[in-house]
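Below you'll find the structure, written out as structure tokens, and then a few comments.
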Amino acid sequence: MTTWIGTSWKMNKTLAEARAFVDGLVAARDALGGVRAFVIPPHTAIAAVRERLPSDVPVLVGAQNAHWEPAGAYTGEVSMGMVADAGATLVEIGHSERREYFGETDDTVARKVAAAAAAGLTPLLCVGEPAEVRAAGGEIDWIAGQVSRGLSRLAAHDLRKVVVAYEPVWAIGDLGREASPHEIAPVMEMLSTRFGPGGDARHKISAVLYGGSVNRFNAAALLDVPGTDGLFVGRAAWDVAGFVELVRIGARAGHGRQPDAG
Ligand code: PEP
């Protein structure tokens, strides 16, 4: 199976910086074919990134959020159709920062997942337990619940469009601590067998990624965790050289995987 390697820039990068990143991707185009790469700029740069990427450089462009309604009086919001029109094919939904700072709930997440799929976009559903849940040993139930609720409004035939990113809240960002492969393995296995490509149920999501303080030193070991189809990276991939290095690590890991189904 092709390994996914992606990054969200969060609230970073001007248009000039976004274009310079794309130029770095183009310079490293030979590396990119070995993985399923994606970049998620802020909304202001989606179109610029899409337009600057030559069509033969295989990098998907995403959006960090979009509203579930197709149009209307929602000042400050953009719709799924609008981010698709700007060039996004993927939408990040339910990142822990949106849940914590912007009132995102399992209900709004579920609406967005369904709206993204209906608009022909890949919903990238982010889930993760806080430190206190992990300390109490409740992570499996927490994550299974977040994923079930996030998928609850989706038509069964749209499940295969979904990618889930497991990102423990305690492992994300400057204050995060790196998770060990051992710590994430039970959750990745549960996600893969219960919801993802590792199980045997009829309707399955397409991939399960891991994210949270991923870097070039821990990436290979995290990709080795069974059930892990790729990595979703923040800080270590904001510099294009860092992103390309992670792509190369992902491509090497992909060589040992099962071929893509279908
Ligand atoms: C994230 O916030 O989704 C993330 C993975 O960030 P970082 O890699 O910087 O911890």
Under-5 Å amide H pairs with ALA165, H placed in peptide plane, nonlocal only: LEU125, CYS126, VAL127, LEU209
Compactness of the stretch 3-254 as Cα Rg over 2.2 N^0.38 Å, two decimals: 0.94
Tail beyond 19 Å, pair distance distribution of the stretch 85-151 (Cα, percent): 36 percent
Rounded percent of accessible protein surface that carbon and sulfur make up, the stretch 3-254, 1.4 Å probe: 53 percent
Within-15-Å neighbourhood charge of VAL22 [Cβ basis; K, R +1; D, E -1]: 0
Distant-in-sequence amide H partners of LEU231 (H built 1.01 Å from N, under 5 Å): TRP4, ILE5, GLY6, TYR210
Burial order of peptide ranges 178-186, 208-216 (average beta-carbon count within 10 Å, highest first): 208-216, 178-186
The stretch 12-129: radius of gyration over Cα atoms, expressed as a fraction of 2.2 N^0.38 Å: 1.09
SER152 versus ARG19: modelled label distance in nm, points set 7 Å from Cα along the beta carbon direction: 4.6 nm
For the stretch 104-111, 3J(HN,Hα) per residue [Karplus equation, 6.51 cos²θ - 1.76 cosθ + 1.60, θ = phi - 60°, Hz, x = Gly/Pro]: 5, 10, 4, 5, 5, 4, 4, 4
For the stretch 3-254: accessible area per residue (Å², 1.4 Å): 43 Å²
Rg [Å, one decimal], Dmax [Å, integer] - the stretch 56-181, C-alpha atoms: 15.1, 48
Binned Cα-Cα distances of the stretch 111-240, short to long, each 10 Å bin given as a whole percent: 13, 44, 33, 9
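The values are calculated or read from the model by the stated rules, or taken from the named source; none is laboratory data. Worth saying up front: this structure is predicted, and the values here are computed from it rather than measured. All Cβ positions, even for glycine, are placed from backbone atoms using ideal geometry, and neighbour counts span all protein chains on display. These accessible areas exclude ligands, DNA and RNA; they are computed on the full protein's heavy atoms, side chains included. Shrake-Rupley method; radii C 1.70, N 1.55, O 1.52, S 1.80 Å.
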